[in-house]
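The values are calculated or read from the model by the stated rules, or taken from the named source; none is laboratory data. Keep in mind it's a predicted model, so treat the numbers as computed, not measured. No Cβ is skipped: glycine too gets one built from the backbone with ideal geometry, and neighbour counts run over all protein chains shown. The accessibility values were calculated without ligands, DNA or RNA, using every heavy atom of the protein model including side chains. Shrake-Rupley method; radii C 1.70, N 1.55, O 1.52, S 1.80 Å.
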There are 4 protein chains.
Amino acid sequence: MSAIAEGDDVLLYLDKKRTYMVRVEAEKQFHTHKGFVELGDLIGRPFGSPVVSSLGVEFYALRPLVRDRILKTDRRTQVLYPKDIGYLLLQLDVGSGSRVVEAGTGSGALTMALANAVRPDGMVYTYEINPKFQRVAAGNVERAGLAEYVELKEGDVTGEIDEEEVDAVVLDMATPWAVVPLAYEALAGGGVFASFSPTIEQVIKTVSAIREHPFIDVETVELILRNITVAENKTRPQTLMIGHSGYLTMARKVLESLAGHAST
Amino acid sequence: MSAIAEGDDVLLYLDKKRTYMVRVEAEKQFHTHKGFVELGDLIGRPFGSPVVSSLGVEFYALRPLVRDRILKTDRRTQVLYPKDIGYLLLQLDVGSGSRVVEAGTGSGALTMALANAVRPDGMVYTYEINPKFQRVAAGNVERAGLAEYVELKEGDVTGEIDEEEVDAVVLDMATPWAVVPLAYEALAGGGVFASFSPTIEQVIKTVSAIREHPFIDVETVELILRNITVAENKTRPQTLMIGHSGYLTMARKVLESLAGHAST
Amino acid sequence: MSAIAEGDDVLLYLDKKRTYMVRVEAEKQFHTHKGFVELGDLIGRPFGSPVVSSLGVEFYALRPLVRDRILKTDRRTQVLYPKDIGYLLLQLDVGSGSRVVEAGTGSGALTMALANAVRPDGMVYTYEINPKFQRVAAGNVERAGLAEYVELKEGDVTGEIDEEEVDAVVLDMATPWAVVPLAYEALAGGGVFASFSPTIEQVIKTVSAIREHPFIDVETVELILRNITVAENKTRPQTLMIGHSGYLTMARKVLESLAGHAST
Amino acid sequence: MSAIAEGDDVLLYLDKKRTYMVRVEAEKQFHTHKGFVELGDLIGRPFGSPVVSSLGVEFYALRPLVRDRILKTDRRTQVLYPKDIGYLLLQLDVGSGSRVVEAGTGSGALTMALANAVRPDGMVYTYEINPKFQRVAAGNVERAGLAEYVELKEGDVTGEIDEEEVDAVVLDMATPWAVVPLAYEALAGGGVFASFSPTIEQVIKTVSAIREHPFIDVETVELILRNITVAENKTRPQTLMIGHSGYLTMARKVLESLAGHAST
């Protein structure tokens, strides 16, 4: 049974909407509007334990999952939702040992999910042009304990990708089409290209760029997630939902044939 | 650069609808309605290479991804789609070292995705009551090179789960609600429960069973995937789509408080 | 060309989110945070004309459509959206001369759409148990100029439906299943039953009640409406959307056969 | 109670998938793979009556609804679904007395719905460039008893619209953007423009053309219809669905202001 230790991150859970990521320290208190929690009291207790605040309100002390860390990243730089990230994990075929190029890093939400998937034997090379975002991402990745699987690279991915023979390239940036030629070069044969774009014009340009290179199995999808309220005589999809985050475009690199480019 | 070796599985790709999983052997031919391919010719060539059939039709020789293997499993025993499996990978927080219980195994589609995610240091314990399905799953897992990360268990998961302190329990079976008490026992504190069910009545019963145990962060979602045709002046969601595979219900185990069960 | 007259309702349109339903009077001013509009100035001008407020902001004076009136009804008593109402207009086969029973009236949104469809030769008989809602509905119907096509009936539709041989019965109430036997009696042969319900439990009970009577062509649908932003390089479904209003269940009455009930 | 008469159209209903539109004649038999039905036997019986075939199979004799006629039109020329048509009926604000321009007529599915909505005092002017389609539409409209509310016009609507001060213009054609200027001219102030297009490129061009004229309340939506199977312990959205028919774009004409074009 895994016990909470000093220095661990803990997700204090009050309810779905109110969760707090805190670092456990012996003498520290964490203050909420429901009273404060003595973080030192958590040391030695198993993850999943209840803890009562000074006002008698019960929280639960959870080991943070990667998805918790994703939801805690700055949403201003991040439009990928868990539904999109999960699908990318499968479509990119990331697993231990995979070498993946990502751009841009943003606040590191997708970076963490990829790093968790490629550990312990793989590596995520992630490009970000904005140093401020990169510092945020570095902090998030470090705190998640994933720093050794991530190489944060400051630079413009439309100009150069240093890596070769990578298993996957994944883009979440404004002009993905401009990276398609370099992505093709960086990928190993059979490697997977993926791009996330909010607008259909981005998709059209990106697919057009893909079709100018020997890629096959080109496809664009959109994932829609509905939250369902399940309660006796009240079961129904929720009234308000996120209607759109973006489109995912995927393709697989093949090696050039004598006859010319691949076409589907 | 990774080259094709004798004994490797290769995905021969003609187009999106016509792909063939073959094992490379020196003297073997693979016959299609577009002519035959000399599999021995592939040996030593890089993955992603084109290969021309006896009728002059070009195929590509791809290293099979986990998602290719999933799509090649018997769909009669399998209603989980890649959209659902990807989301589960993230929500279950599986990564190297995770210990996961699955039931039922079916033809092993989800099993392979989980095994790929937990390697090299984790394990998937997967229960199946039907020996015929289990044999199919064993073959699929073996062929995917994932056998050492999977323990195939023949038995009725509604009667017993042998494992303790596991990180996740995931159910794809007719009566998931009957497994909720045992799943609670098997999970470590903070561990994730997930269940996939096609019908809303299954969901209602499962959520009701979940609420009788100290689980928090209970949620049910449905993922809808739209394929988008992207081509100049023809860009649009595709006419025919899969409208529904099933609902995903997730929850996280917490340890019992003195005050009684958790409620949201 | 149709001109605005004193006493007419006019929809003053500033933008999609800011529209105001006003009655034109000679000496009246309509005040907004963008200045006031002299309503008398509108008299004699064609519908669709621009009008400038005292602060120099331009509004447009539109003839209110039925859909404008629907959107102006009190949303607390009304969860039917235009997408649902439009579908009902077609599925109920309402047209001039149709005789339709509705329950409950609520604030009269669906009532107005039905009345507009059945005029000049049909009639909507609409039941409401709550006198406060009924007064609101009466005002809305009157103001829309549709009062002569609507009979507002205060009463409990689960106890009695006075009408016979009607073309359609449409329910938007908490317990539609309780009305199914009376709806069957009230309908003419081939007449259409429809019910709107937010929860799936309501749908299950209603369909179960329908199957105990000679109804055919029973079907339940859900309509999802996505708003699309269309602008150069910004085209995409909108981020926030209404994820669910309710399910629509339809059936058609047939006359009893000697062999027993109809079944599909 | 309305009785079936010689010459009436009747919808013979076996089940949801097998319905037959027949004209009742005294000595005629209608043959199906479930035996033949003596159509003369129906005369004098009420609509909704069961009728037994020569093989003992029960059918129901229904009065055809407009939606039945829509579903019986040739789907090759028709991609508008009932979900789209219903929404248009509400959004176009058609009712008795409305004058509506439609193009192209196709096989007349939308034409019939519009004609039913505008009767007895309105008119649908519908343009079709293909004489073959027009003949089909003429037959459908005539058989539906709606001919007196429809003026079928053979011609190219991109070249000329004869009507003025109409309440609505609705387009279901390949190049709707080319008709926007003429549609603006034909509409009365406050009149509604609507266009149905399968592809997003059509939508982008159409919205761009709309923005060059004084239209307000411009919006594009997509309607998605899910069929729900409702049966004890089997309740769920259906597996296969129509994923897309087209986008609907709507706008309202306003009269030109001194300051220039309207913008939202």
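Restricting to segment D:41-57, what's the tally of residues that are free of Cβ contacts under 8 Å to residues at least 24 places away in the same chain and either facing chain C (nearest Cβ under 9 Å) or part of a helix (DSSP H, G or I) (or both)?
Qualifying residue count for the region: 4.
In segment C:190-257, which strands (runs of 3 or more DSSP E) lie fully inside it and hold 2 or more residues that are more than 14 Å from chain A (Cβ to nearest Cβ) and within 24 Å of D:THR229 (Cβ to Cβ)? Please lay out each step first, then the result.
Values: elements: C:215-229, C:240-242, C:247-253.
Once the strands (runs of 3 or more DSSP E) in segment C:190-257 are filtered for at least 2 residues that are more than 14 Å from chain A (Cβ to nearest Cβ) and within 24 Å of D:THR229 (Cβ to Cβ), what remains is C:215-229, C:247-253.
Restricting attention to segment B:157-183, which residues are open to solvent by less than 20 Å² (accessible area, probe 1.4 Å), farther than 28 Å from B:HIS244 by Cα and not β-branched (Val, Ile, Thr)?
B:GLU163
Please go through (1) outside any strand (DSSP E or B); (2) more than 11 Å from chain D (Cβ to nearest Cβ) for C:VAL170 and return the number of the only condition it doesn't satisfy.
Unmet condition: (1).
Just for segment C:80-97: of the residues that are of a type in the set (Gly, Ala, Ser) and open to solvent by 10 Å² or more (accessible area, probe 1.4 Å), which one is nearest to the other protein chains (Cβ to nearest Cβ)? Before the answer, list the steps.
Kept after step one, since they are of a type in the set (Gly, Ala, Ser), are these residues of segment C:80-97: C:86, C:95-97.
Cutting the leftovers down to open to solvent by 10 Å² or more (accessible area, probe 1.4 Å) gives us C:96-97.
Numbers: C:SER96: 5, C:GLY97: 9 Å.
Only one residue fits best here, namely C:SER96.
Out of the residues in segment A:66-79 meeting the condition of being open to solvent by 10 Å² or more (accessible area, probe 1.4 Å) and of a type in the set (A, V, I, L, M), tell me which one is farthest from the other protein chains (Cβ to nearest Cβ).
Filtering first and then ranking leaves A:LEU71.
Can you tell me which condition A:ASP15 does not meet? The list is (1) of a type in the set (Asp, Glu); (2) within 27 Å of the chain's Cα centre (by Cα); (3) closer than 21 Å to B:ALA188 by Cβ, and all the others hold.
That leaves (3) as the condition not met.
With the structure loaded, tell me whether C:THR199 is open to solvent by 10 Å² or more (accessible area, probe 1.4 Å) and more than 21 Å from C:THR111 (Cα to Cα) or whether it fails that test. Spell out how you get there, then give the answer.
On the way: open to solvent by 10 Å² or more (accessible area, probe 1.4 Å): yes; more than 21 Å from C:THR111 (Cα to Cα): yes.
Considered against the rule, which asks whether it is open to solvent by 10 Å² or more (accessible area, probe 1.4 Å) and more than 21 Å from C:THR111 (Cα to Cα), C:THR199 comes out as yes.
Could you pull out the residue among A:GLU163, A:GLU128, A:GLU102 that is over 21 Å from A:SER197 (Cβ atoms) and among the charged types (D, E, K, R)?
Details: A:GLU128 fails: over 21 Å from A:SER197 (Cβ atoms); A:GLU102 fails: over 21 Å from A:SER197 (Cβ atoms).
It is A:GLU163.
For D:VAL124, state whether it is hydrophobic (A, V, I, L, M, F, W, C) and over 14 Å from D:LEU171 (Cβ atoms).
So D:VAL124 does not fit the description; no.
Among the listed residues D:LEU80, D:LEU89, which satisfies the condition of being touching a Leu at 6+ places or on another chain (Cβ under 9 Å), within 25 Å of C:LEU71 (Cβ to Cβ), at pLDDT below 95 and not in a strand (DSSP E or B)?
On the way: D:LEU89 fails: at pLDDT below 95.
One residue alone meets the criteria, D:LEU80.
With farther than 23 Å from B:ALA3 by Cβ and under 15 Å from the mean Cα position of the chain (by Cα) as the only criterion, which of B:GLY56, B:GLY97, B:GLY35, B:GLY104 stands out?
Numbers: B:GLY56 fails: under 15 Å from the mean Cα position of the chain (by Cα); B:GLY97 fails: under 15 Å from the mean Cα position of the chain (by Cα); B:GLY35 fails: under 15 Å from the mean Cα position of the chain (by Cα).
On inspection, the qualifying residue turns out to be B:GLY104.
How about segment C:67-94: which of its residues are in contact with a Ser or Thr (Cβ under 9 Å, 6 or more places away or on another chain) and closer than 17 Å to C:VAL118 by Cα? Spell out the reasoning first.
Let us first name the residues in segment C:67-94 that are in contact with a Ser or Thr (Cβ under 9 Å, 6 or more places away or on another chain), namely C:68, C:71-81, C:83-84, C:92.
Once the filter is applied, which keeps residues that are in contact with a Ser or Thr (Cβ under 9 Å, 6 or more places away or on another chain) and closer than 17 Å to C:VAL118 by Cα, segment C:67-94 yields only C:LEU92.
Can you name the number of the only condition in (1) part of a helix (DSSP H, G or I); (2) farther than 26 Å from D:SER98 by Cβ; (3) not aromatic (Phe, Trp, Tyr) that C:LYS153 fails?
(1)
Name the residue that is least open to solvent (accessible area, probe 1.4 Å), counting only residues in segment A:1-17 that are part of a loop (DSSP other than H, G, I, E, B) and hydrophobic (A, V, I, L, M, F, W, C).
My answer is A:ILE4.
Limited to segment A:106-142, what total is found for residues that are of a type in the set (S, T, N, Q), open to solvent by 40 Å² or more (accessible area, probe 1.4 Å) and within 17 Å of A:LEU65 (Cα to Cα)? First the steps, then the outcome.
Initial filter on segment A:106-142 (of a type in the set (S, T, N, Q)): A:107, A:111, A:116, A:126, A:130, A:134, A:140.
Narrowing further to those that are open to solvent by 40 Å² or more (accessible area, probe 1.4 Å): A:130, A:140.
After this cut, where a residue has to be within 17 Å of A:LEU65 (Cα to Cα) as well, the list is A:140.
Number of matching residues: 1.
Go through (1) within 30 Å of B:LEU14 (Cβ to Cβ); (2) among the small types (Gly, Ala, Ser); (3) free of Cβ contacts under 8 Å to residues at least 60 places away in the same chain for B:ALA144 and report which single condition fails.
(3)
Among the residues of segment D:92-100, is any farther than 24 Å from D:GLN202 by Cα and in contact with a Phe, Trp or Tyr (Cβ under 9 Å, 6 or more places away or on another chain)?
The answer is yes; a qualifying residue exists.
Would you check which residues across segment A:202-241 are open to solvent by 20 Å² or more (accessible area, probe 1.4 Å), more than 19 Å from D:PRO237 (Cβ to Cβ) and within 25 Å of the chain's Cα centre (by Cα) and list them?
Of everything in segment A:202-241, those that are open to solvent by 20 Å² or more (accessible area, probe 1.4 Å), more than 19 Å from D:PRO237 (Cβ to Cβ) and within 25 Å of the chain's Cα centre (by Cα) turn out to be A:GLN202, A:ILE204, A:LYS205, A:ASP217, A:GLU219, A:LEU240.
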